[in-house]
Amino acid sequence: MLKNLAGSAIAGTLGGFNAHASNIVSAIFIATGQDPAQNVESSHCITMMEAVNDGRDLHISVTMPSIEVGTVGGGTQLASQSACLNMLGVKGSSKDSPGSNSRLLATIVAGAVLAGELSLMSAIAAGQLVNSHMKYNRSCKDEARVEYYLFGCPHWIPPLSRAIGWVLTFAFSLTK
């Protein structure tokens, strides 16, 4: 919890106190045809974790007051993004309850952020964050590859595609 509160405060964060909400929001936004520029407002998040039941359980919550999503128009009409929205059960508008698909998509975003926050904070608490970065090629022993990674490789693309897959798998399980 110290990372979320003290770390965010020291960094001068304006959008909340969280571990990495914007990473999850960006992944879902790209996968579902949202405007990625809305990540700034939509990633405002306060993550809270509290021991309960005499320390036997953990209560975790995220408060995200301004998730800006839509299920019609713009990038939602692209084939892959439309397929993702369809998989999540929120494609298009609801004729019975206008706005309900967007509200459900916002709920899916918040649920995925909560899962991502728990995952990252667990990795930090268990001392596994650096090990996993080293294991999944965030380190480089080959000097030629170091230059490639530093000066021209979009090294964030493979992790982002894995994150999108993970987030959509989690989000899909929320809708069932």
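All of the numbers you see were taken from the coordinates with simple rules; none came from a lab. Computed from a predicted model, the values in this text were never measured in an experiment. Glycine also receives a Cβ, built like all others from the backbone with ideal geometry; neighbour counts cover every protein chain displayed.
Things to note:
- Sorting 56-68, 23-35 by average packing, meaning the other beta carbons within 10 Å per residue, from highest down gives 23-35, 56-68.
- For region 78-141, the set of trypsin sites (Lys or Arg not before Pro) satisfying both a DSSP loop assignment and a count of at most 13 other C-beta atoms within 10 Å is given as 95, 138, 141.
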